[in-house]
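Nothing in this text is a laboratory measurement; each read-out follows from the coordinates by a stated rule. None of the values given here were measured: they were computed from a predicted structure. Glycine also receives a Cβ, built like all others from the backbone with ideal geometry; neighbour counts cover every protein chain displayed.
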Amino acid sequence: MHIPDGFLDARTAIAATAISAAGLAVAMPRLRQQLPPRKVPLLGLTAAFVFAAQMLNFPVGGGTSGHLVGTVLVAALLGPAAACVVLTAVLVVQCFLFADGGVTALGANIFNMGLLAAVGGALSYRAIRRVFPGQRGMVVAAAFAGWISIVLAAIACAGQLALSGTTSWKVAFPAMTAVHMVVGLGEGLITALVLIALARVRPDLLPDSLPLPGDGDFKTFAGLGLIVVAGLAVFVAPFASPLPDGLDRVAALLGFQPADGAQSPFPAPLPDYAPPGWTSPIFATATAGALGTIVVFGLSWMLGRLLVPSATVDRT
């Protein structure tokens, strides 16, 4: 669902950027208030996991593929403010390092997958958990919230395309919604399965679990987790489904393309996750995936330390 350069007009792109900037200005102070200092390493780990997972496209039928966005997963573990920050870090690295999503459309992509998906998904998750408590409630809430987050992001994307005159709302809305209602099933299933796995092997990571373990325990888990996530990016991502994702599929079906002459004002050094000149696409994708995972992890952890400075001194 990463919108490339040339799909949005300047007015829509600027408006989306302004709204996203305002949303992040609200989310960052909330992150400082809500995130326990000792959980800062998990900010980097969840960002690395989301980045690696977004490289693992899976077929959903009809010549279309999907991938985990991960917003609800992060929101369920660390809160919606953390989800906004994590997804923003992931989208920025994807955009500027790999040309996955356009620079001019970055604000729109952050709004769709980082802000709207986080807020809408988190509200749905919390509402369902109040009605259905316990682990079963967590699974149901995660599955539905993951699904609705993708549908909401797709509807917003359709609106942005329509406002830009790329295609009409009457065409974009049903096409984007229909495809992403199917993609969202995979999002909900993966989100629920990851939370089930964590509930069994590391229940202390779930927000309802008290007391929290020590600072060193979180750092150890984050370090080991980063190694595992990097392994996914290296060994699995090169074999992800080559089918177009939901937005690419809709663009092909409806026949709209980037505006003439549209190109990124900041060419990415590793476009399409492939270092230029490398003859082995599998090795190139694996290398790009490992590099991106490390960069996203470092950027998110750094943001966490800046936003939650007490993490460096809190030992209680």
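Taking Cα atoms, how many degrees apart are the long axis of helix 40-54 and the longest axis of the chain, rounded to 10 and kept between 0 and 90? Result, in degrees: 30.
Rounded to the nearest 20 Debye, what is the dipole magnitude of the chain about its Cα centre when Lys and Arg each give +1 and Asp and Glu each give -1 at the C-beta?
920
Hey, what number do you get for the chain at 222 nm if only DSSP H runs of n ≥ 4 count, each worth -39500 (n - 2.57), divided across all residues, to the nearest 500?
Values: 11 runs with 206 residues, N = 316.
Result for the chain, helices only: -22000 deg cm²/dmol.
Where does each of 107-114, 185-192 land if you order them by average Cβ count within 10 Å, highest first?
On the way: 107-114: 27.2, 185-192: 22.5.
Packing proxy ranking, top to bottom: 107-114, 185-192.
Ranking 189, 78, 59 by how far each Cα lies toward the positive end of the dipole of region 10-311 (charges on Cβ) leaves 78 at the top.
Taking each pair of distinct Cα atoms in region 10-311 once, what is the resulting Kirkwood hydrodynamic radius in Å?
Details: mean 1/r = 0.0514 Å⁻¹.
Evaluated on region 10-311, it is 19.5 Å.
Taking a ≥ b ≥ c as the square roots of the eigenvalues of the alpha carbon gyration tensor, region 50-132 is oblate, as a/c is not under 1.5 and a/b does not beat b/c.
With axes computed from alpha carbons, what is the tilt in degrees of helix 215-235 against the longest principal axis of the chain, rounded to the nearest 10 within 0 to 90? Once rounded, the angle reads 30 degrees. Annotation: the residues 90, 60, sorted from fewest to most other C-beta atoms within 10 Å of their own C-beta, follow the order 60, 90. Across 198, 31, 116, mean-square fluctuation computed from a Gaussian network of the chain (C-alpha pairs under 10 Å connected) peaks at 198. Taking Lys and Arg as +1 and Asp and Glu as -1, the other residues whose beta-carbon sits under 15 Å from that of residue 179 total -2.
On the beta carbon distance between residue 182 and residue 33, with R0 = 30 Å, the FRET formula returns roughly 0.20.
If R₀ is 35 angstrom, what is the calculated FRET efficiency for the pair residue 169 and residue 123, using the beta carbon separation as r and rounding to 0.05? Efficiency at R0 = 35 Å is approximately 0.90. In terms of surrounding Cβ atoms within a 10 Å radius of their Cβ, 148, 282 rank from fewest to most as 282, 148. Counting 0.36 nm for each residue step from residue 302 to residue 189 and taking away their Cα separation leaves a gain of 37.6 nm. When the chain is described by a simple charge dipole with +1 on each Lys and Arg Cβ and -1 on each Asp and Glu Cβ, the residue from 205, 17, 3 located farthest towards its positive end is 205. Relative to the dominant Cα principal axis of the chain, helix 117-131 is inclined by about 50°. Summing +1 for each Lys or Arg and -1 for each Asp or Glu among the other residues whose beta-carbon sits under 15 angstrom from that of residue 105 gives -4.
Given their separation in residues at 0.36 nm each and the Cα-Cα distance between them, residue 202 and residue 280 gain 24.3 nm when the chain is fully extended.
Within the shell of other residues whose beta carbon sits under 12 angstrom from the beta carbon of residue 196, the net charge comes to +3, with Lys and Arg scored +1 and Asp and Glu -1.
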